[in-house]
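This report concerns only the one structure given below.
The values are calculated or read from the model by the stated rules, or taken from the named source; none is laboratory data. Just so it is clear, the model here is predicted, and its values are computed rather than measured. For neighbour counting, all protein chains shown are included, and Cβ atoms are generated from backbone atoms with ideal geometry for every residue, glycine included. Accessible surface areas use protein heavy atoms only, side chains included; no ligands, DNA or RNA. Shrake-Rupley method; radii C 1.70, N 1.55, O 1.52, S 1.80 Å.
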Amino acid sequence: MALPLAVDYEALHGNVCDSGTFNVKFVQKYDLVLNALDNLTARRRMNRLCLAASVPLIEAGTTGYLGQANVISKGEVACYECQTVETPKVYPICTIRATPSRPVHTIVWAKEFYKLLFGVKAEESMLFEDTSSLDGEVSTYMDTVRSVRVALHDDKSKQTEAGFADLITKLVEELYTDEIVKQLELDRYKAAAKTPVPLVKEKHTKTAVAKDAPTIQESYQATDTACWKDQKLCVAELKHVLENVDDSFPESFDKDHDGAMRFVAAASNLRNIVFSIEPIQSIYSAKGIAGNIIPAIATTNAIAAGLQMMQVYQVLSSIKASKDSGEGGKIAENCRYCNILRNPTRNGLAITAVSLEKPNPNCFVCRQGSVHFACDTTVWTLEHFLKRILTQELGFQEPNMLLDDTQVWEQGEGSDQATYEVNLTKFLANLPGGGIHNGTIVHVEDFTQDLELSIHVSHEANWPKKEGDEASTRTEEFPFVLKGGSAAAAASASSNGEKKPAGTSSSS
Ligand SMILES: [Zn+2]
């Protein structure tokens, strides 16, 4: 089979989210774009660039044995964001801190524990306790956390000192014994499925030694679970990991870093034992949960790549047909949405091909639609709005924000960001240009993605606070609802009145 058009290619190495290099102008140079990406941010980015450049995009993805390949073409067929894209699950802070009931909860906790010790800022961990604002309550573990951080970050020589093992013992006892006892006394575990049983200090902690760490034993396998049912061996593992921290340890948890993964496996299983949570996880299964990963299957990826190449033929033929006939719409006519299935259909097909969807008329990305956003405009700051809504929910990279004709925020190359920084700490209701109130329409632009959006704001002072209310599984310090277009998100405060550090959330 011969290609209908001549093909040229050039290899470049870089991040597609780098708008200096990979922008609309860059994409415009090409006849089509093939995506081979592994994350939502990059996919949204390429979707928007290709729409802005009016260049067809051949998107593909796989999840285990399942996969798909489809074509996106501006105005003709649905874009990547015409449908809501699933975002990672978020767990309430109270579940993680006080009432864990599933292995995933203790793994999230262990990742927060990792952040507490290795993160650039300990205060970003959900387990961080601000000792100056505990209202007379004394943190059982923060002092030791600080000492361990010093040994791990500032003065590595301390790690090898004899006292370091004692420091780790102390930290383990504070987190798995003292803290549990304290919370039991405060009745904080009332909602727990089973009453936690604190570690027994002498028996489980002091006598645990690094050389007994399960993962350094000759017979050890990544699928072993028996070793993690023994408190003392979990503690031994933690000691071994922390006594051997080197510069390779990432600041944020990485499931593919051996030491980081061993730390999380040992820390979470120890908590599983305390809270009687089953099943105990092997490192292998803990890794799956920690990374929220479905193993990538090379064969599925190869099939998806093959389907993309078939789409290339169709797209190029369609472009040629459009040029020859002077009519558009050929991609919608010729290209298909291909699904890779695990089990064949009744007709025996392992791959199905259906017509591409039409664009969602409300899509704010490809149809300049609008979204509706409700929040308490007297407690949301501009900074939180920029980060939580424009960046995280709507994928803006360099937003410019206007109220009526008043610019309230500007960023990106050549912008006058410094002038607007004074607005960051202002509440939405107090912004210049009259502020944001019930019924205000906020206009947002992002020149790097050629994106414009109107956000219709509703001011809402009262939020559902009961368990079971809409989207109560989300943890938000400042609740909101975002609807319309393809974007939809909702959040409410967690029902537990427990003290929590500002602005934290977790994802599995
Ligand atoms: Zn769209």
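Taking residue 313, is it of a type in the set (Phe, Trp, Tyr) and either away from the ligand (no atom under 16 Å from the Cβ) or not in a strand (DSSP E or B) (or both)? Yes.
Restricting segment 61-85 to residues that are open to solvent by 70 Å² or more (accessible area, probe 1.4 Å) and more than 16 Å from the ligand (Cβ to nearest atom) leaves a set whose member that is modelled with the highest pLDDT is 66.
Working only within segment 31-52, note down all residues that are in a loop (DSSP other than H, G, I, E, B) and small (Gly, Ala, Ser). Within segment 31-52, 36 is the sole residue that qualifies.
Let's see how each residue does on (1) closer than 23 Å to residue 112 by Cβ; (2) outside the structural domain of residue 119 (by TED's automatic domain parsing); (3) part of a loop (DSSP other than H, G, I, E, B):
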site: 224; (1), (2), (3): no, no, yes
site: 237; (1), (2), (3): yes, no, no
site: 242; (1), (2), (3): yes, no, no
site: 245; (1), (2), (3): yes, no, yes
site: 262; (1), (2), (3): yes, no, no
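Condition test on residue 258, is it farther than 22 Å from residue 147 by Cα, within 29 Å of the chain's Cα centre (by Cα) and assigned by TED's automatic domain parsing to the domain that holds residue 281? When the stated conditions are applied, residue 258 passes them. Taking the criterion of being assigned to a helix (DSSP H, G or I) and either open to solvent by 40 Å² or more (accessible area, probe 1.4 Å) or of a type in the set (Asp, Glu) (or both), the residues of segment 286-310 that qualify are 287, 289, 298, 299, 301, 302, 303, 305, 309, 310. A single entry from 312, 274 fulfils the requirement of being touching a strand residue (DSSP E or B) at 6+ places or on another chain (Cβ under 9 Å) and at pLDDT 90 or above: 312.
When segment 344-359 is limited to residues that are within 16 Å of the ligand (Cβ to nearest atom) and open to solvent by 60 Å² or more (accessible area, probe 1.4 Å), the one that is nearest to residue 447 (Cα to Cα) turns out to be 358. When segment 360-417 is limited to residues that are within 16 Å of the ligand (Cβ to nearest atom) and at positive phi, the one that is modelled with the highest pLDDT turns out to be 395.
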